[in-house]
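Below is one structure, written out as structure tokens, with a few remarks after it.
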Amino acid sequence: MSAKYVLFVVLGTFLAFCSCHHNNDNVVARAYNNYLYKSDLEGLVVEGMTPEDSVAIVNNYINQWVQQMVVLEKAKRNINNTFEKELQNYKNSLITYEYECHIVDQLLDTSVSGQEIEDYYNANKDNFTLGTSIIRCYYIKIDKNAPQANKLEKLVKKSKPSDNEISEIERLALVYGADCSLDREKWIPLSQLQTFMPVEIYNDARFLRDNKTITVSDDKYLYLARILDYTTENQISPLDYEHDNIKAIILNRRKIDIIKNMQRDLLKKANEKGEIEIR
């Protein structure tokens, strides 16, 4: 028995029940002056459902709808004028918000140049004080018994690895590593490194000053990390770390300007046409 057939059977039962109360054959339930239509139930029953599940789903939806309408009707009869005003204010705010989003989508220029971001950063550096220590690094997790594990550890520990050696580190990490992050340009919180490898840090500044490479292990894995750069808590955050944040700030300012200009233009036009009046 197909799911669609079951739905038609259930709907037929409710149609027969409602036919004497409403001349619309598509009505499946009524609560006061509210009607639930056959089209409202589309999509409830899908292929693969058992007949029993299909009937249960449709019955449950209809019963919940009826209950909701009954409670809503009771609420309408008992709410005060203050709530009515709040409801209208919410509706007005929602409509206005949707229109503002529509205007912003049409007019917003989402391209932000690197120079704009840099200029904003330089003019607002005091607003970019770090709340946590951040680092640039690469880190690797490798099975202690994996081939080339010892070679990888030696390469990571080299004080000044050459470009070829860095390429070899990346190759070995991708081939033999259980997990790794090799992005040498990305800033991350120091705490993120601690979630990756079992290392205890009691003083960020001292730890980062004294450890250019980190090697720890557990029963199964060897964890390797190389710190390329760092900035500690309460210092000015690097531009690269704030890039996306600054771009979002610039775009938000543009959105605000678009909305303000729209509001001003609409008010001016309405005033010129005599459509508004303040007494």
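The values are calculated or read from the model by the stated rules, or taken from the named source; none is laboratory data. None of the values given here were measured: they were computed from a predicted structure. Because the Cβ atoms are built from the backbone with ideal geometry, glycine has one as well, and the counts that use them run over all protein chains shown.
Considering the range 127-160, and only residues there that are touching a residue at least 40 places away in the same chain (Cβ under 8 Å) and of a type in the set (Lys, Arg), the residue that is farthest from Cys180 (Cα to Cα) turns out to be Lys157. Every test in (1) in a loop (DSSP other than H, G, I, E, B); (2) among the hydrophobic types (A, V, I, L, M, F, W, C); (3) at pLDDT 95 or above is passed by Ile142 save one, and that test is (1). The strands (runs of 3 or more DSSP E) found entirely in the range 168-279 that carry 2 or more residues being closer than 30 Å to Gly114 by Cβ are 177-181, 187-189, 221-231. Any residue at all in the range 110-120 that's modelled with pLDDT of 95 or more, under 30 Å from Glu233 (Cβ atoms) and of a type in the set (S, T, N, Q)? Checked against the condition, which is being modelled with pLDDT of 95 or more, under 30 Å from Glu233 (Cβ atoms) and of a type in the set (S, T, N, Q), the range 110-120 yields at least one hit. Figure legend. Inter-residue proximity from the range 233-247: first residues under 24 Å from Leu208 (Cα atoms), second residues assigned to a helix (DSSP H, G or I) and hydroxyl-bearing (Ser, Thr, Tyr), beta-carbon distance below 8 Å, spacing 6+ or different chains. Indicated pairs: Leu239/Tyr121; Glu242/Tyr121.
For the condition within 29 Å of the chain's Cα centre (by Cα) and either assigned to a helix (DSSP H, G or I) or within 30 Å of His243 (Cα to Cα) (or both), Ile95 qualifies.
Okay, residues lined up against (1) closer than 11 Å to Ser133 by Cα; (2) modelled with pLDDT of 95 or more; (3) assigned by TED's automatic domain parsing to the domain that holds Ile169:
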{"position": "Leu208", "(1), (2), (3)": "yes, yes, yes"}
{"position": "Tyr221", "(1), (2), (3)": "no, yes, yes"}
{"position": "Ile227", "(1), (2), (3)": "no, yes, yes"}
{"position": "Pro238", "(1), (2), (3)": "no, yes, no"}
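Filtering the range 234-255 to residues that are polar (S, T, N, Q) and under 30 Å from Ser111 (Cα atoms) leaves Gln235, Ser237, Asn245, Asn252. Within the range 256-279, residues that are within 24 Å of Asp109 (Cβ to Cβ) reach partners that are at pLDDT 95 or above with beta carbons closer than 6 Å, at six or more positions or on different chains, in the pairs Ile258/Val104; Ile258/Leu107; Ile259/Glu100; Met262/Ile103.
If you go through the range 80-106 and keep only what is surrounded by fewer than 10 Cβ atoms within 10 Å (Cβ to Cβ) and more than 30 Å from Leu251 (Cα to Cα), you end up with Asn80, Asn81, Thr82. Return a yes/no flag: does the range 187-203 have any residue that is under 12 Å from Ile135 (Cα atoms), within 32 Å of the chain's Cα centre (by Cα), assigned by TED's automatic domain parsing to the domain that holds Asp143 and acidic (Asp, Glu). No, there is no match, as no residue in the range 187-203 is under 12 Å from Ile135 (Cα atoms), within 32 Å of the chain's Cα centre (by Cα), assigned by TED's automatic domain parsing to the domain that holds Asp143 and acidic (Asp, Glu).
Residues checked against (1) under 24 Å from the mean Cα position of the chain (by Cα); (2) surrounded by 14 or more Cβ atoms within 10 Å (Cβ to Cβ); (3) more than 30 Å from Ile142 (Cα to Cα); (4) among the charged types (D, E, K, R):
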{"residue": "Arg226", "(1), (2), (3), (4)": "no, yes, no, yes"}
{"residue": "Ala248", "(1), (2), (3), (4)": "yes, no, yes, no"}
{"residue": "Arg253", "(1), (2), (3), (4)": "yes, no, yes, yes"}
{"residue": "Met262", "(1), (2), (3), (4)": "no, yes, yes, no"}
{"residue": "Lys269", "(1), (2), (3), (4)": "no, no, yes, yes"}
{"residue": "Glu272", "(1), (2), (3), (4)": "no, no, yes, yes"}
{"residue": "Arg279", "(1), (2), (3), (4)": "no, no, yes, yes"}
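Just one of the listed residues (Glu242, Glu200) is farther than 16 Å from Arg184 by Cβ and modelled with pLDDT under 95, and it is Glu200. How many of the residues in the range 31-50 are of a type outside the set (Phe, Trp, Tyr), surrounded by 16 or more Cβ atoms within 10 Å (Cβ to Cβ) and more than 34 Å from the chain's Cα centre (by Cα)? Residues flagged as of a type outside the set (Phe, Trp, Tyr), surrounded by 16 or more Cβ atoms within 10 Å (Cβ to Cβ) and more than 34 Å from the chain's Cα centre (by Cα) within the range 31-50 amount to 3. If you filter the range 54-79 down to residues that are among the charged types (D, E, K, R) and at pLDDT below 85, you find that the one that is surrounded by the most Cβ atoms within 10 Å (Cβ to Cβ) is Lys76.
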